[in-house]
Structures are given as structure tokens and as C-alpha cells.
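The values are calculated or read from the model by the stated rules, or taken from the named source; none is laboratory data. From a predicted model like this one, the values you see are computed outputs, not experimental measurements. All Cβ positions, even for glycine, are placed from backbone atoms using ideal geometry, and neighbour counts span all protein chains on display.
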């Protein structure tokens, strides 16, 4: 039986969650293969968009990928938002908001959300989001079991607090911990057992 390989990476902002650039518009995209000599069949489990950062799991096992992308596994994000987020906005996030998705509207499922004041370690960014002269910002934790395209960004915008920085810090019970941008760890066990 084939031995599959599994990796944890801290994706920096400005990188695509893939190994091959299949976009015709820009050929100078930054790809995950710059960080490690991954086996040829490695795939990212789910995606983080180009401007998002944080925890990304990679595997050579399609079944593991399918399980982790399912609604069984929680994904937690920290979003730095424009303005001081209100408790009303947090309640709206928890109870579901209307976002655009594939040309129609979609009501997000109930989720966990809370204001963040006690910060875990955050990876360093290549450039600052902005400074305080542009007004205050605040942080919110959003934990989902679904993953529509740019969902957290659309959710915070829908409640009046656009996301400035987005970091995925947890998938199941796998945490970003102290990984810095671009760090890769090969793990010798199956992710599935840690996300069930």
C-alpha cells in the first residue's frame, strides 16, 4: 500500500494555494512549491485566497483531503476588520448573514464568533496592513464548518466591518501555533485522526 505524505504550512499573503499557475493573466504568481520540495501528487486541502494567510494542510491522499474539506471539520479564522466591531455585528455573524455566492445570494450557516483581545502568535506579514492614522481596527474570531469562496471576508463586510487581514489559525485540532510565514512541517501521521 502506498505511503501518503502530509504537510502543515503557514501560507504567507501574496501566494496562491497551489503548485501550478493555471491563470493566463499573470505568469509571475507566487506558488507553494517555493517553500519545500513537495512530492508531485501533493494537493492543498481547501484554499486560502491570495491575500489570506495562515494554516494550510497539504497531502498526497485524496480521501484525507475530502474528509477535511467536509462540514465535519471546523476551521477557525482571525479577521482584522476595519473599525471597532460591535456585539451586534458579532451576533449577526453567529446567526448567519446574506452573502453573494456564484451569482446568487446565500445565507451562511450558524457559526461561532467572538471579539479577540487576547492574541495568539501571529505570523509576520511582508508589509503592514495600515497604520492607526487610517482609523481603528479590531479583531474577530470566526469558526466555520463550511467554506464558500472568500466567505469570512464577505461575512464581515455584510455586517459593516470589512476584513483587512485574514489568518486561518485552526483546522480541527491542528493549530497554527508558532509557525512563521513560509514554514513547512512534514507530519508522519494522517490528518484525519486529528480532525475527526
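Would you confirm, using the coordinates I've provided, whether residue 167 is touching a helix residue (DSSP H, G or I) at 6+ places or on another chain (Cβ under 7 Å) and farther than 16 Å from residue 84 by Cα? Before the answer, list the steps.
Values: touching a helix residue (DSSP H, G or I) at 6+ places or on another chain (Cβ under 7 Å): no; farther than 16 Å from residue 84 by Cα: yes.
When the stated conditions are applied, residue 167 does not pass them.
On the basis of being on the phi < 0 side of the Ramachandran plot and touching a strand residue (DSSP E or B) at 6+ places or on another chain (Cβ under 8 Å), does residue 146 make the cut? Steps first, answer last, please.
On the way: on the phi < 0 side of the Ramachandran plot: yes; touching a strand residue (DSSP E or B) at 6+ places or on another chain (Cβ under 8 Å): no.
No, not satisfied.
When you go through 78, 144 one by one, which is the residue that is in contact (Cβ under 8 Å) with a residue 12 or more places away in the chain, touching a helix residue (DSSP H, G or I) at 6+ places or on another chain (Cβ under 9 Å) and buried (at least 18 other Cβ atoms within 10 Å of the Cβ)?
Being in contact (Cβ under 8 Å) with a residue 12 or more places away in the chain, touching a helix residue (DSSP H, G or I) at 6+ places or on another chain (Cβ under 9 Å) and buried (at least 18 other Cβ atoms within 10 Å of the Cβ) holds for just one of 78, 144, which is 144.
Within the range 48-57, does at least one residue satisfy the condition of being assigned by TED's automatic domain parsing to the domain that holds residue 118 and part of a loop (DSSP other than H, G, I, E, B)?
First pass over the range 48-57, keeping only residues assigned by TED's automatic domain parsing to the domain that holds residue 118: none.
No, the range 48-57 contains no residue that is assigned by TED's automatic domain parsing to the domain that holds residue 118 and part of a loop (DSSP other than H, G, I, E, B).
Restricting the search to helices (runs of 4 or more DSSP H) fully inside the range 81-196 and requiring at least 1 residues that are modelled with pLDDT of 85 or more gives 87-95, 151-158. Of everything listed in (1) more than 22 Å from residue 162 (Cα to Cα); (2) free of Cβ contacts under 8 Å to residues at least 60 places away in the same chain, the single unmet condition for residue 16 is (1).
Yes/no per residue for (1) more than 18 Å from residue 139 (Cα to Cα); (2) more than 15 Å from the chain's Cα centre (by Cα):
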{"site": "3", "(1), (2)": "yes, yes"}
{"site": "16", "(1), (2)": "yes, no"}
{"site": "37", "(1), (2)": "yes, yes"}
{"site": "77", "(1), (2)": "no, no"}
{"site": "94", "(1), (2)": "no, yes"}
{"site": "111", "(1), (2)": "no, yes"}
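Of the listed requirements (1) in contact with a helix residue (DSSP H, G or I) (Cβ under 8 Å, 6 or more places away or on another chain); (2) surrounded by 13 or more Cβ atoms within 10 Å (Cβ to Cβ), residue 110 misses just one: (2). Just one of the listed residues (137, 163) is crowded, with 16+ Cβ neighbours inside 10 Å, outside the structural domain of residue 46 (by TED's automatic domain parsing), farther than 18 Å from residue 54 by Cα and touching a strand residue (DSSP E or B) at 6+ places or on another chain (Cβ under 7 Å), namely 137. Checked against (1) surrounded by 18 or more Cβ atoms within 10 Å (Cβ to Cβ); (2) touching a helix residue (DSSP H, G or I) at 6+ places or on another chain (Cβ under 8 Å); (3) without any contact (Cβ under 8 Å) to a residue 24 or more places away in the chain, residue 68 passes all but a single condition, namely (3). Counting the residues of the range 168-192 that are surrounded by 18 or more Cβ atoms within 10 Å (Cβ to Cβ) and closer than 16 Å to residue 112 by Cα gives 5.
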